[in-house]
1. State whether the residues of the range 292-299 include one that is farther than 27 Å from HIS174 by Cβ and outside any helix (DSSP H, G or I).
2. Filter the range 23-43 down to the residues that are more than 6 Å from the ligand (Cβ to nearest atom) and either among the basic types (Lys, Arg) or closer than 16 Å to THR64 by Cβ (or both) and list them by number.
3. Of everything in the range 6-22 that's modelled with pLDDT of 95 or more and of a type in the set (Val, Ile, Thr), which residue is farthest from the ligand (Cβ to nearest atom)?
4. I need a count of the residues in the range 239-283 that are among the aliphatic types (A, V, I, L, M) and assigned to a strand (DSSP E or B).
5. Filter the range 179-210 down to the residues that are crowded, with 20+ Cβ neighbours inside 10 Å and away from the ligand (no atom under 16 Å from the Cβ) and list them by number.
6. Give the range 239-272 a look and list any residue that's within 16 Å of the ligand (Cβ to nearest atom) and without any contact (Cβ under 8 Å) to a residue 12 or more places away in the chain, or say none.
7. Tell me, yes or no, whether the range 261-276 has at least one residue that is more than 18 Å from the chain's Cα centre (by Cα), of a type outside the set (Phe, Trp, Tyr) and surrounded by fewer than 20 Cβ atoms within 10 Å (Cβ to Cβ).
8. Those residues that are crowded, with 20+ Cβ neighbours inside 10 Å and not polar (S, T, N, Q), I need them from the range 107-118; list them, please.
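The values are calculated or read from the model by the stated rules, or taken from the named source; none is laboratory data. Not measured: the values here are computed from a predicted model. Cβ placement follows ideal geometry from the backbone for every residue including glycine, while neighbour counts extend to all protein chains displayed.
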Amino acid sequence: MKKEAGVHKAFRTAVVPAAGMGTRFLPATKTVPKELLPVLDTPGIELVATEAASSGAQRLLIVTSPGKDGVVAHFMDDFDLEKHLEARGKLRLLEKVRRAPNLLEVESVIQDTPLGLGHAVGCVEAALAPDEEAVAVLLPDDLVQPSGILETMARVRAKRGGSVLCAIDVPKSHVSSYGIFEVEEVPNVANPNVLRVRGMVEKPTLADAPSTLAAAGRYLLDRKIFDALRRIQPGAGGELQLTDAIALLINENHPVHIVVHRGTRHDLGNPEGYLRAAVDAGLNSDEYGDGLRKWLYERLARDTSDQT
Ligand code: UTP
């Protein structure tokens with residue numbers, strides 16, 4: 001999975017902010033970090049780490065909080081467990097537990113207080129090398145599939161400079177739950193899913209929404225973001241919003257583009273989205289797909305017969 005240095009030069013480090021409180025998932029998140037909740041058998045953070053590695057990132061920088069050590073521990077070798085599995089010939093499980101530590105180099109920085117996504121991203125500046133001109137940010141509770149969007153975003157940055165974000169096209173009835181982009185077409189662009197961003201509106205009413213294109217959790221941010229984060233004011237709840245810093249850059253004519261992702265996207269940060277992701281993964285699984293599909297048909301038929 002590890003890719004050679006220099007496969008592309010857009011970014012080397014993938015940042016995964018994982019220091020939030022996960023309040024929408026209480027009481028589970030009292031003791032279990034939401035980033036470790038599994039989709040089938042694999043924690044959400046391993047899924048985004050796999051995506052980051054396959055897009056060419058060499059290093060995963062996890063922003064974590066005091067007490068969430070398990071998130072980083074998931075990427076460490078566990079030799080006792082490995083020996084135990086090997087001795088019992090459980091080679092498939094052995095391969096599974098070795099997967100995360102072998103993906104890419106993993107480091108962490110601590111965000112002492114959850115002061116917002118913008119603040120979390122700001123915490124990584126000192127951990128970047130001076131020549132890292134851009135950084136990828138992947139939110140571990142956004143499952144964006146199939147993977148590959150970061151590679152397209154890297155190509156857009158290489159061609160057009162600035163920062164590149166991922167967007168999804170949401171139903172009109174959902175615009176008020178998202179940050180919505182105001183966009184314009186890019187002249188002579190080969191990929192119609194690449195658009196230039198003119199502005200962003202946070203959770204607009206349908207009447208005020210400039211489009212139905214919503215921010216999804218993948219960002220390729222120019223290093224200028226750190227300076228912008230220092231210049232914005234905290235918003236609601238004292239949190240520093242990443243979108244406010246991006247909006248500041250847009251106002252200063254920093255090029256910001258989106259790539260519209262046309263695949264699936266699940267929000268693992270709340271029970272309903274998480275359940276949908278699990279069902280989707282289950283239906284796509286060679287191991288569980290047939291059994292789950294059969295059970296779902298029976299279960300839904302029972303609902304229908306109850307209603308008649
Ligand atoms: P979310 O808003 O989805 O996560 O932030 P949250 O704050 O943990 O969730 P709720 O709203 O309380 O349920 C998106 C990502 O940013 C991280 C979160 O861990 C999540 O992965 N984050 C958020 C931080 O790292 N620090 C923060 O201060 C806030």
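1. no
2. Passing the criteria: THR29, LYS30, THR31, VAL32, PRO33, LYS34, GLU35, LEU36, LEU37, PRO43.
3. Filtering first and then ranking leaves THR13.
4. Total satisfying the criteria: 4.
5. Those that are crowded, with 20+ Cβ neighbours inside 10 Å and away from the ligand (no atom under 16 Å from the Cβ): ILE180, PHE181, VAL183, VAL194, LEU195, VAL197, MET200, ALA209.
6. Passing the criteria: only GLU272.
7. no
8. GLY116, LEU117, GLY118
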